[in-house]
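Structure provided below as structure tokens; questions to follow.
Values in this text are rule-based calculations from the coordinates and carry no lab data. Small disclaimer: the values here were computed from a predicted structure and weren't measured. No Cβ is skipped: glycine too gets one built from the backbone with ideal geometry, and neighbour counts run over all protein chains shown.
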Amino acid sequence: MAIDENESEETHPNVWRMAVLLAFGSLMAGLDTSLVNLGLHAIGDSVGASLTRVQWIHSGYLLALAASLPISGWLSRRYGAGSLWIWALVAFTVTSMLCAASPNIEMLIVARVLQGLAGGLLIPAGMTILGQVAGKARMGRVIAISTVPAIVAPAFGPLLGALLISALSWQWLFLINVPIGALGTVLAVRLLPPGRREAAGSLDLVSLALVTLGLPLTVYCISTVGDGSFPWILLVLGVVALSAFGWRSLHGNGTLVDLRLLGNRRFAAASMEVFFAGAALFGGLIVMPLYFQIQLGVGIVDAGLLLMAFSLAAAVTFPPAGWLSDRFGGGLVAATGLAVTVAGTVPMVLLPETPNLVLLEFLQVARGVGLALAGSPGVSAALAAVRTHEIADASVQVNVFSRVGGALGSALLVSILMNDGVAETIPLHAFRAAFWWLAATATVALGAAVWLALEQRKEAMKSQPTQVRRSMI
């Protein structure tokens, strides 16, 4: 179903229904990561595995997630984004049941890898559907509605995970996906169009091999920063593979992902903003729970409650952020949000050893509002910068930038914290250094958002009739 950009959204209520429906994918992927991270210790105790082996439940999922992202664009073109999303949701739900039923650590890791492969297809396929049906005039609002869970779920996850483990068992960290996935599948079969099938060409196996090797290796190496022994050989191998993939794509020899989209200055600026905003967001989601639990000495449930200020502020801001993006442009809205984020982060460097909780929660609200304004407007600006047939490739690349940026931000912040102590005794000055880096990351994202705003203004001026442009001078 394609919608003309000039038609009113009231004419097409199915667009909004689809946006809410596609949020199921974001909700499952976001909740799954934060829930399982919290339960690693409990899982290890239950199955009798060491923490070194148990951490592969997390690492294997992330590597599989990264590996499946690049092929999602080709699959969307070949089979239709709607059909791909439904099958990915079914696969994610089934593999969640396999995770819960795993009798040992080896089977659980295998099931998590399969779950990651399915999860890597959900979000880019959903973005492709929305980009195809929403039209550029309402892209910001629709993307904002569908991505609310992606930013809210990681912050609510620790609280929900703590309650599930204490009241039930670790298996429910995975079983909670089953009713969500079942309901989402039933609704999707009724509401989602299968999507446009386009000329996808034959599957470029060389590019697939290069990016499937390079992207997970690079993400893995980034995630091990601060672990003591950095795998330089693996990083070099990953970077070489990605470089070869990039060369192949830019020279038109590959059909998997078209990196020539980065020649579009608006798309490049939006991608840069998404990358560094992702680092600021996910880096903060790593630091703040540790700050609450270690520096303030609160329990995991109380830490989850304290994180709600950030989550609720972001959730409330997301819908108006989409409307503002459609009205004023994603670059201007993202720049405003990142300025608020910087303003809400810098004071945290100056907090005393025992801060005022009211002030701390106020700063969390400011960061939630700011990062919500910086999130979906950057994504919608990236998708609006390309032509309709390029949306599948664009959504893949935006997701890769966001996830790699998030991995880099998280690894950088963990490295800073662990450089000055072990997890149980991180000193205050290490947290202050982490807050400085969070502010610096948001500042770089702010620069990218300003660049995006300027590029959008140039494009708007070009599209204005000559008489109008003269009257504006």
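I need two numbers for the stretch 257-460: Rg to one decimal and Dmax as a whole number, Cα atoms only, in Å.
Calculated on Cα positions, Rg and Dmax stand at 17.3, 54 Å.
Testing the spin-label approximation: label points 7 Å from Cα along Cα→Cβ at D45 and L357. State their distance in nm.
Taking the simple label geometry, D45 and L357 are separated by 2.6 nm.
For the stretch 353-405 and the stretch 264-329, what is the separation of their C-alpha centers, rounded to whole Å?
If you average the Cα positions of each part, the centres end up 7 Å apart.
Determine ³J(HN,Hα), in whole Hz, for all residues of the stretch 101-107 in sequence, where each value follows from phi through the Karplus function 6.51 cos²θ - 1.76 cosθ + 1.60 and θ = phi - 60°; x replaces Gly and Pro.
8, 5, x, 8, 5, 5, 5
List every residue whose amide H lies under 5 Å from the amide H of G80, counting only residues 5 or more places away in sequence or on a different chain, with H placed 1.01 Å from N in the peptide plane.
The list, which skips near neighbours in sequence, is E198.
Calculate one ³J(HN,Hα) per residue across the stretch 213-218 by plugging θ = phi - 60° into the Karplus curve 6.51 cos²θ - 1.76 cosθ + 1.60, and present them in order as whole Hz with x for glycine and proline.
In residue order, the calculated couplings are 7, x, 5, x, 4, 5 Hz.
Starting from the amide H of V257, placed 1.01 Å from N in the peptide plane, find each other amide H under 5 Å away whose residue is 5 or more places distant or on another chain.
For V257, no residues qualify.
Right, here's the next one. Filter the GluC sites (Glu not before Pro) in the stretch 310-396 to those in DSSP coil with at most 13 other Cβ atoms within 10 Å of their Cβ, and list the result.
E353
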